[in-house]
Amino acid sequence: MEIRGVPVVMYHGVGPTLETWQWRYLITPLAVFEGQMRRLRDEGWHTITLARLHDHLSRGTRLPARSVVLTFDDGYLDNWVYAYPVLKRFGHHAVIWMSTDFVDPCGTARPTLEDYRAGRIPRGELPGPGYLSWEEMRRMVESGHVEIQSHARTHTWYPSGPEIIDFHRPSGVGAYMPPPWLGWNMFPERKYEYMTAGLEDLVPYGTPVYRHTKALAGRRYFEDPGLMELLTERVKEGGGRAFFTKSGWRRELRGLADRHPPGGGRFETDSEYEERVRMELAESRGAIAGALGTAVDYLCWPGGGRNAVTIRIAEEVGYLATTTHFLDTERRNVYGQDPREINRIGSGAPWVWRGAVIMNTEPRFFTALLEAFAGNKKSLLTARLYKLKYLFRHFLFGWE
């Protein structure tokens, strides 16, 4: 008897492409998503809850032959506006991993694709980029089509040591792309505005960009505030934006940093690190459970940032299972595997190969990926043929 794996699919956003967003490739086009959801229905796939998956992994409870878990990282507003109406239309269930620092405090439920298609609003009145509100999450949970689980609280990056790798400046100067975490960490109360407010423009120019790591993945380095003040004041004195039009600006800032007396920064201690991780994981779990009145038993590590310490702490604060890295090909979510670990695969849109981002893939490619993960060798060949087709199309015509 064939032992089938249970694919757990990773999405982020669904809907219109945001051309100016640095992570625009994370948005699955609406037409592609609708095609995928229609094919799941037509082929008889069952979109199950994480609780059912966990019961299967831990106790061997039976699942329908074609079972799949759909998940969405980060809690983007388009999950409510575009993905949720499609899930309802085709009778599917999904999981949204919510990072609670990013919840929009608006307190309302905004219009959706359903409102547009029913003629209640024009297309132009559909909301743009942003993050979910508690009311939107509450309505999705009450429908039975969505569950909200934890994506931790901060979903950020922190300096991992005293090495300065860059200096904050206007976007585009020297091909510079401002790290979003600079604004998140400086204005945490405004993180939900990140996609629309341009928080990076509020960060003082000259702010040092340190070598960094995912917030939960390692000890934080607390940078020297005196050095930051020295650098940002020099840029301000030099004309702000105009400072970066002068030749030698980088050499000047680097020189100031090198001559600055050492010792103003410090690393977190091991105990401080563990306490921070514990607080973040517990607070996220408690915030979601308190706001929605639901069980929060599962955790998706932001950016995959985890280690043995964080996994232990997650168990201690009450999570039944957490995600592994989505490229962990050894785990197929079958009975006998450690039930505390959930492996995921990409949605096939985007499909990425050596930097080529291919968005407009076909529904059959999607379900071939699911079948291949489940253990169907014929579908593995089908998926590979589709990949060759997309690569040929991409390099010959440049189509996404």
For this session: Scan the stretch 315-333 residue by residue and report those that are at pLDDT 95 or above, part of a loop (DSSP other than H, G, I, E, B) and surrounded by fewer than 16 Cβ atoms within 10 Å (Cβ to Cβ).
Result: Gly318
Problem set entry | Within the stretch 102-126, tally of residues that are closer than 16 Å to Thr196 by Cβ and surrounded by 15 or more Cβ atoms within 10 Å (Cβ to Cβ) | 6
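With the stretch 118-218 as the region, which strands (runs of 3 or more DSSP E) entirely inside it contain at least 3 residues that are modelled with pLDDT under 95 and not charged (D, E, K, R)? Lay out the reasoning, then the answer.
Values: elements: 146-150, 157-167, 208-214.
Filter on the stretch 118-218 gives an empty set.
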Exercise. Would you pick out the residues in the stretch 292-310 that are surrounded by fewer than 22 Cβ atoms within 10 Å (Cβ to Cβ), touching a Phe, Trp or Tyr at 6+ places or on another chain (Cβ under 9 Å) and at negative phi?
Worked result: Leu292, Val296, Asp297, Gly305, Val309
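Please determine, by comparing only the residues of the stretch 140-150 that are of a type outside the set (Gly, Ala, Ser) and under 15 Å from Tyr76 (Cα atoms), which one is farthest from the chain's Cα centre (by Cα). Spell out how you get there, then give the answer.
Filtering the stretch 140-150 for residues of a type outside the set (Gly, Ala, Ser) gives 140-142, 145-149.
Restricting the remaining residues to those that are under 15 Å from Tyr76 (Cα atoms) gives 140, 146-149.
On the way: Met140: 19, Val146: 17, Glu147: 16, Ile148: 14, Gln149: 13 Å.
The qualifying residue farthest from the chain's Cα centre (by Cα) is Met140.
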Seminar exercise, completed: The one condition Trp97 fails out of (1) in a loop (DSSP other than H, G, I, E, B); (2) in contact with a strand residue (DSSP E or B) (Cβ under 7 Å, 6 or more places away or on another chain); (3) more than 18 Å from Met37 (Cα to Cα) is (1)
Exercise. With respect to Glu252, is the statement that it is touching a Phe, Trp or Tyr at 6+ places or on another chain (Cβ under 8 Å), charged (D, E, K, R), surrounded by 13 or more Cβ atoms within 10 Å (Cβ to Cβ) and at pLDDT 95 or above true?
Worked result: no
For this session: State which residue pairs qualify: first residue over 15 Å from Tyr11 (Cβ atoms) and outside any helix (DSSP H, G or I) and inside the stretch 357-374, second residue hydrophobic (A, V, I, L, M, F, W, C) and at pLDDT 95 or above in any location, beta carbons under 7 Å apart, and separation of 6 or more residues or different chains.
Result: Asn360/Val32
Exercise. Would you call Arg344 charged (D, E, K, R), under 30 Å from Gly375 (Cβ atoms) and in contact with a helix residue (DSSP H, G or I) (Cβ under 7 Å, 6 or more places away or on another chain)?
Worked result: no
For this session: Give the stretch 234-247 a look and list any residue that's part of a helix (DSSP H, G or I) and exposed (fewer than 13 other Cβ atoms within 10 Å of the Cβ), or say none.
Result: Glu237, Arg241, Ala242, Thr245
Problem set entry | Residues being assigned by TED's automatic domain parsing to the domain that holds Leu299, farther than 18 Å from Thr71 by Cβ and without any contact (Cβ under 8 Å) to a residue 12 or more places away in the chain - total across the stretch 1-30 | 3
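Can you find a residue that is assigned by TED's automatic domain parsing to the domain that holds Gly336, under 28 Å from Leu281 (Cα atoms), part of a helix (DSSP H, G or I) and more than 21 Å from the chain's Cα centre (by Cα) anywhere in the stretch 102-114?
Our first condition is that a residue be assigned by TED's automatic domain parsing to the domain that holds Gly336; within the stretch 102-114, this holds for 102-114.
When the remaining residues are screened for being under 28 Å from Leu281 (Cα atoms), the result is 102-109.
From what's left, part of a helix (DSSP H, G or I): 102.
So of that shortlist, the ones also more than 21 Å from the chain's Cα centre (by Cα) come out as none.
The answer is no; no qualifying residue exists.
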Exercise. Somewhere in the stretch 373-396, is a residue touching a strand residue (DSSP E or B) at 6+ places or on another chain (Cβ under 8 Å), surrounded by fewer than 14 Cβ atoms within 10 Å (Cβ to Cβ) and closer than 27 Å to His212 by Cα?
Worked result: no
Exercise. Quick one: which of Val352, Val296, Val277 is touching a residue at least 60 places away in the same chain (Cβ under 8 Å) and part of a strand (DSSP E or B)?
Worked result: Val352
For this session: Pull up the stretch 36-75, narrow it to residues that are buried (at least 20 other Cβ atoms within 10 Å of the Cβ) and among the small types (Gly, Ala, Ser), then point me to the one that is nearest to Gly130 (Cα to Cα).
Result: Gly75
Problem set entry | Number of positions in the stretch 63-107 that are modelled with pLDDT of 95 or more and over 24 Å from Phe366 (Cα atoms) | 9
Exercise. Among the residues of the stretch 48-79, which ones are farther than 14 Å from Arg344 by Cα, of a type outside the set (Asp, Glu) and part of a strand (DSSP E or B)?
Worked result: Tyr76
For this session: Would you please name the residue that is surrounded by the most Cβ atoms within 10 Å (Cβ to Cβ), looking only at residues in the stretch 80-94 that are of a type in the set (A, V, I, L, M, F, W, C) and not in a strand (DSSP E or B)?
Result: Ala83
Exercise. Inside the stretch 174-200, can you point out the residues that are surrounded by fewer than 14 Cβ atoms within 10 Å (Cβ to Cβ) and farther than 27 Å from Gly107 by Cα?
Worked result: Gly174, Ala175, Met177
For this session: Count, please, the residues in the stretch 2-35 that happen to be in a loop (DSSP other than H, G, I, E, B) and either at positive phi or buried (at least 23 other Cβ atoms within 10 Å of the Cβ) (or both).
Result: 3
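Within the stretch 35-55, is even one residue closer than 30 Å to Leu199 by Cβ and either of a type in the set (Val, Ile, Thr) or within 20 Å of the chain's Cα centre (by Cα) (or both)? Step through it out loud before you land on a result.
Within the stretch 35-55, the first condition is being closer than 30 Å to Leu199 by Cβ, and the residues that meet it are none.
No: zero hits.
The values are calculated or read from the model by the stated rules, or taken from the named source; none is laboratory data. The structure presented is a predicted model; accordingly, all values stated were derived computationally and were not measured. A quick note on method: Cβ atoms are made from the backbone with ideal geometry, for glycine too, and the neighbour counts reach across all protein chains shown.
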